[in-house]
Amino acid sequence: MKTFVQDGDTLSLPAPYDVASGNGAQIGNLFGVAVAAVLSGATGQFKMSGVFDLAKTTSQAWNTLGALLYWDDSGKKLTTTASTNLCVGCVVKTAGSADTVGRVRLNMGPQGIAGS
């Protein structure tokens, strides 16, 4: 196919802030997990799909598999609170309110559109 560019599972994007390897970042309406550490303004590789263990809001218990998760860009954590946060995926493993990490399956593409 003449117009195909790439699968889009991993994209080269400019980091909006310093992002450690394995941490999430919101880039406009996109959300990805850094493949390697990337400094603010530098271009890095971000995984746009897959299942990841990422920082979560500790005051929330994730009891429902498939529940929507959002990225709190100011706190750099996953949350169940939609508000103005970007929808990034779904719960794939329950987590308690004391847990600092939660398991998410990322939606691929402009997450703020689907499921928000």
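The values are calculated or read from the model by the stated rules, or taken from the named source; none is laboratory data. Because the structure is a prediction, the values reported are computed rather than measured. Here the Cβ is made from the backbone with ideal geometry for all residues, glycine too, and neighbour counts use every protein chain on show.
In this structure, is ALA37 under 27 Å from GLN6 (Cα atoms), at pLDDT 95 or above and touching a Ser or Thr at 6+ places or on another chain (Cβ under 8 Å)?
yes
Take region 81-92 and flag every residue that is under 11 Å from LYS56 (Cβ atoms) and either surrounded by fewer than 19 Cβ atoms within 10 Å (Cβ to Cβ) or in contact (Cβ under 8 Å) with a residue 60 or more places away in the chain (or both).
None; the set is empty.
Could you please let me know if GLY102 is farther than 23 Å from PHE46 by Cβ and not acidic (Asp, Glu)?
Answer is no for this residue.
In region 59-77, which residues are under 18 Å from GLY28 (Cβ atoms) and either crowded, with 20+ Cβ neighbours inside 10 Å or of a type in the set (Val, Ile, Thr) (or both)? Walk me through how you get there before you give the answer.
Within region 59-77, the first condition is being under 18 Å from GLY28 (Cβ atoms), and the residues that meet it are 70-74, 76.
Scanning region 59-77 gives TYR70, TRP71.
If you scan region 1-39, which residues turn out to be assigned to a loop (DSSP other than H, G, I, E, B), in contact with a strand residue (DSSP E or B) (Cβ under 6 Å, 6 or more places away or on another chain) and either on the phi > 0 side of the Ramachandran plot or surrounded by fewer than 13 Cβ atoms within 10 Å (Cβ to Cβ) (or both)?
Listed by number, the list holds a single entry, SER21.
Can you tell me how many residues in region 33-60 are farther than 12 Å from LYS76 by Cα and in contact (Cβ under 8 Å) with a residue 60 or more places away in the chain?
Initially, region 33-60 is screened for residues farther than 12 Å from LYS76 by Cα, giving 34-53, 58-60.
From what is left, the residues that are in contact (Cβ under 8 Å) with a residue 60 or more places away in the chain are 48.
Summing the residues that are farther than 12 Å from LYS76 by Cα and in contact (Cβ under 8 Å) with a residue 60 or more places away in the chain in region 33-60 gives 1.
Could you tell me which numbered condition VAL51 fails, if it satisfies all but one of (1) part of a loop (DSSP other than H, G, I, E, B); (2) exposed (fewer than 13 other Cβ atoms within 10 Å of the Cβ)?
Unmet condition: (1).
Okay, residues lined up against (1) under 22 Å from THR10 (Cα atoms); (2) modelled with pLDDT of 95 or more; (3) in a strand (DSSP E or B):
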| site | (1), (2), (3) |
| --- | --- |
| LEU65 | no, yes, no |
| GLY75 | no, yes, no |
| LEU78 | yes, yes, yes |
| ALA82 | no, no, no |
| CYS87 | yes, no, yes |
| ASP99 | no, yes, no |
| PRO110 | yes, no, no |
| ILE113 | yes, no, no |
